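These notes concern the structure reproduced below.
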Amino acid sequence: MRGGGLACLVALAASGCTLVSSLDDYRFDGEPRDGGGMDAAVEDGGLGEDGGAEDGGSLDDGGSGEDGGTGEDGGVDDGGSSCGALGEACCADSTCDSSLVCGEGWTQRTPATSPNARFDAALAHDAARGRTVLFGGWDGSTAYQDTWEWNGTDWEDVTPGSTSPPARSRHSMAFDSTRDVVVLFGGWDGSDHFDDTWTWDGTSWTEHSPPTSPSGRTYSELAFDPVRERVVLFGGYDGTDYLSDTWEWDGSDWTQMSPDDRPRARSSHGLTYDAARGQVVLFGGRDGPTRLDDTWLWDGTHWTEASPGTTPPAREATLTYDARRERAFLFGGWDGSATRDDTWQWNGIDWAPITGGSPAARSSLLLAYDAGRSRVVLFGGRAGGALDDTWEWVEPGVCGDR
């Protein structure tokens, strides 16, 4: 540890703070909390698709899961000369640089403007523009066609005056960092299962007409593989069957993959990209009445089932990828009898619960990772009704962007 790191330790000690070396040192000591509190009949209401066969789904975000640690020496930057720089340990805002905040886990935000309450929408972070993009969703009676962006302080309605995808819910989105566009696929408008592909460039939506396409479906999930420059799609529900097919989008066409082995058919699973290991992580979902708790990894050719020592309870899941900490991040979901309010992380080998305060239990929520601000963004979901709250998660005890 060089001089800057030592200065930080001295300053922290003088302020009476206890230096936390990393998130793992103090927060993975509890069992996941029961999400409880919601009657199954309420959660299974949903849009009423096909007699409620697809009830409390989840939203993909297009992020990714990781295995590694924080990649930092005790959370303290040993090359800096100031105490409280981005990513350094802290115990209060006063120990961070003035432009930063000391992470406290989950924090509810209070934007001046916000999308209407909804669930089963889609969320993806546009890393090129530093905006988290939301499209569509359902509030229990209305399917939405609006586009919103979160800038870290407020939501802005950026719905273009011309072309947009038709109103829908249960669709999937992921950010394609090669082409700097958000990709949207599928969904449902109350009668039709869509098989359309759209992209958002920050100004306008463009519908694509690929020669080949996955069949129309809901609750499939997307994740972008930046090494192979492909958007990966797995599974979903077509109104009759749960699906187990794997597709990849190259910016102009879809290609169906033919792996030797694959996860069982499902919908409402979590899917995200593990940048440290170069693989897509899949967790949970449902295949009819059964909720799942398995973890699978996709390397572009093969699906491999992981064998973690600890795993979250079975549920319809939503995942994103915490790039700074190199971990997949899971919150909430529907386990078939109750909504959940537990937070988990995947380190590439095992799952671990993250304890502490959290948003209220919910399903069909939206998650994305704001890489520029090093925080997870959550919006809305369902808990007896549609929600319109915005939350962010910043690693406790570490300085992060405001």
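The values are calculated or read from the model by the stated rules, or taken from the named source; none is laboratory data. Note that the structure is a prediction, hence the values are computed from the model and not measured. Glycine also receives a Cβ, built like all others from the backbone with ideal geometry; neighbour counts cover every protein chain displayed. Ligands, DNA and RNA are excluded from the accessible area calculation, which covers all protein heavy atoms including side chains. Shrake-Rupley method; radii C 1.70, N 1.55, O 1.52, S 1.80 Å.
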- Query: Of the accessible area of segment 135-237, with the probe set at 1.4 angstrom, what percent is carbon plus sulfur?
  - Reply: 42 percent
- Message: If I stretch the segment between D93 and V227 completely, what's the gain in nm (0.36 nm per residue apart, minus their alpha carbon distance), one decimal?
- Response: 44.5 nm
- Task: Between beta-carbons, use under 11 Å as the cut-off and find the net charge around P166, counting Lys and Arg +1, Asp and Glu -1.
- Result: -3
- Item | Residue-span extension gain [R402 to T240] - 0.36 nm each, minus C-alpha spacing | 53.8 nm
- Note on the structure: Descending accessible area (1.4 Å probe), largest on the left, turns S209, S191 into S209, S191
- Note on the structure: With R₀ set to 25 angstrom, the calculated FRET efficiency between the beta-carbons of T212 and T159, to the nearest 0.05, is 0.25
- Query: Once both labels are modelled 7 Å past Cα along the beta-carbon direction, what's the D192-S141 spacing in nm?
  - Reply: 2.5 nm
- Item | Accessible heavy-atom area order of R228, R262, highest first, probe of 1.4 Å | R262, R228
- Message: I'd like to compare 368-377, 301-310, 272-281, 320-329: which one has the highest average count of other Cβ atoms within 10 Å, and what's the full order after that?
- Response: 320-329, 272-281, 368-377, 301-310
- Note on the structure: Mean separation of Cα contacts under 8 Å (at least 6 apart) over the residue count of segment 326-370, i.e. the relative contact order in percent, is 37 percent
- Residue by residue, what Karplus-based ³J(HN,Hα) values in Hz, rounded to whole numbers, does segment 160-167 have, using 6.51, -1.76 and 1.60 with θ = phi - 60° and x for Gly and Pro? x, x, 9, 8, 9, x, x, 3
- Please report, in Å, the Rg and the Dmax of segment 132-182, where both are computed over Cα atoms only. 11.9, 37
- Query: Ignoring ligands, DNA and RNA, what accessible area per residue does segment 71-207 give at 1.4 Å, in Å²?
  - Reply: 38 Å²
- Per-residue accessible area, 1.4 Å probe, largest first, puts R264, R118, R291 in the order R264, R291, R118
